[in-house]
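What follows draws every value from the coordinates through simple rules; no lab data is involved. Note that the structure is predicted; figures quoted are calculated from it, not measured. Ideal geometry is used to build each Cβ from the backbone, glycine not excepted, and the neighbour counts take in all protein chains shown.
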Amino acid sequence: MVITKIEAQKKKGRYNIYLNDTFAFGVDEATVVKYALFKGTELTKEQIDEIQHDDCIQQAYQKALHFLNFKLRSTKEVYEKLEKLEFDEDIINEVLGKLHEQNFINDTFYAESYLNQAKFVTFKGPKSVVFDLQKKGISDKVIQTVLEGYTLKEQLENAIQIAQSYLKGQKRVTPKVAKQKVKVFVMQKGYSKEIAEEVVPFLSFEAQSEMEAELAVKEIATIYRRIAKKYEENESALWYQIKGKLYQKGFTSSVIEQAIAQFEMEKAEWI
């Protein structure tokens with residue numbers, strides 16, 4: 001078979017190859033140069049297969065480069081992107097090998113960059129970092145090596161920072177409840193239980209303490225309205241039930257007694 005025509009496509013850098021006056025296949029400019037394709041060139045079936053295979057690799061390679069142009073990607077991300085574009089597995093693997101050789105894909109560097117972002121931007125804990133990197137296909141060996149760069153001191157500093165920010169939105173709970181919620185929040189962000197415990201002494205619960213008495217009085221009024229009728233002939237049982245429910249909500253004995261005294265004086269306003 002002989003190339004009888006080479007025609008530029010609308011897409012820049014792509015060409016149509018005609019064999020024996022019939023369209024045969026499209027190729028990239030790099031493929032045209034590599035195989036010295038020009039009008040009059042004779043091609044065997046084997047050569048055509050090789051050219052098409054090579055061109056497919058070139059297309060996949062260009063797609064991968066475009067995908068990598070926006071931000072760092074892991075090997076798994078690039079593989080899944082090319083797979084979604086319906087390239088064959090052997091083509092994908094060959095392209096990935098080329099990208100690794102050129103250092104366009106480097107899972108260790110990717111993991112290091114992700115950890116730096118977690119430490120200095122998103123303030124994620126190590127457990128979240130591990131989970132996220134595993135989703136990106138990073139090997140456990142690489143992850144563990146990279147995590148050595150996240151010191152306990154850095155973890156504690158970051159955990160304190162996110163805890164302080166979180167605490168600003170927890171003003172209408174008791175200090176006890178606030179401490180519990182902070183620890184849960186810190187652990188949800190990927191930090192260990194030990195780090196979550198260490199965070200608490202570095203926080204100020206002054207805002208919660210200032211609101212505690214007011215919250216307790218409101219809770220008493222709510223509970224009182226709900227159960228007073230049931231215990232109208234047994235006032236001691238009524239207050240026993242109210243105190244129990246307040247303890248469950250994290251109020252201290254001193255605050256409860258203070259709130260009860262205030263409620264008794266202002267009962268007419270609450271009931």
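Would you mind classifying segment 3-101 by shape? Square roots of the alpha carbon gyration tensor eigenvalues, ordered a ≥ b ≥ c; an a/c under 1.5 is rounded, otherwise it is prolate if a/b is larger than b/c and oblate if not. Could you put the intermediate results ahead of the total?
Details: a/c = 2.66, a/b = 2.08, b/c = 1.28.
Cα axes put segment 3-101 in the prolate bin.
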Item to check | Exposure proxy ranking, count of Cβ atoms within 10 Å, fewest first, for Phe185, Phe104, Phe38 | outcome: Phe38, Phe104, Phe185
Checklist outcome for this item: The farthest towards the positive end of the charge dipole of segment 55-139, of the residues Val129, Gln102, Gln62, given +1 on Cβ of Lys and Arg and -1 on Cβ of Asp and Glu, is Val129
Checklist outcome for this item: For the pair Gln262 and Lys229, the simple spin-label estimate (label points 7 Å beyond Cα toward Cβ) gives in nm 2.8
Checklist entry - Over all distinct alpha-carbon pairs, what is the Kirkwood Rh of segment 107-150 in angstrom? => result 9.9
Checklist entry - Which lysines, on any chain, are close to Lys141 with Cα under 26 Å apart, when same-chain ones fewer than 8 places away are left out? => result Lys71, Lys76, Lys81, Lys98, Lys119, Lys124, Lys127, Lys153, Lys189, Lys193
Checklist outcome for this item: Summing -39500 (n - 2.57) over every DSSP H run of at least 4 in the chain, dividing by its residue total and rounding to the nearest 500, the 222 nm mean residue ellipticity is -20500 deg cm²/dmol
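Projected area of the chain, taken from the Cα convex hull and averaged over every viewing direction, in nm²?
Values: hull surface 95.6 nm².
Approximately 23.9 nm², given one-decimal rounding.
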Next on the checklist: Cut-off is 10 Å between beta-carbons; in what order do Ser113, Ser204 appear when sorted fewest neighbours first?
Outcome noted: Ser204, Ser113
Next on the checklist: List the residues, sorted by chain then number, that are 5 or more residues from Thr41 or on another chain and whose placed amide H is less than 5 Å from its amide H.
Outcome noted: Ile3
Checklist entry - Cα centroid distance between segment 1-22 and segment 157-236, in Å? => result 73
Checklist entry - Peptides 228-237, 132-141: what's the order by average Cβ count within 10 Å, highest mean first? => result 132-141, 228-237
Item to check | Using θ = phi - 60° and Karplus 6.51 cos²θ - 1.76 cosθ + 1.60, couplings along segment 242-251 (whole Hz; Gly, Pro as x) | outcome: 5, 4, x, 5, 5, 4, 4, 8, x, 7
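Could you rank the peptides 187-198, 6-17 by their average count of other C-beta atoms within 10 Å per residue, with the highest value first? Before the final figure, lay out each step's value.
Working: 187-198: 17.2, 6-17: 13.0.
Order by mean packing, descending: 187-198, 6-17.
Could you please report the charge total around Lys249, scoring K, R as +1 and D, E as -1 over all other residues with beta-carbon less than 13 angstrom from its beta-carbon?
On the way: positive: Arg172, Lys176, Lys181, Lys218, Lys243, Lys245; negative: Glu212, Glu219.
With Lys, Arg at +1 and Asp, Glu at -1, the neighbours total +4.
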Checklist entry - If the cut-off is a Cα-Cα distance under 23 Å, which lysines reach Lys39, setting aside same-chain residues fewer than 8 apart in sequence? => result Lys5, Lys10, Lys11, Lys12
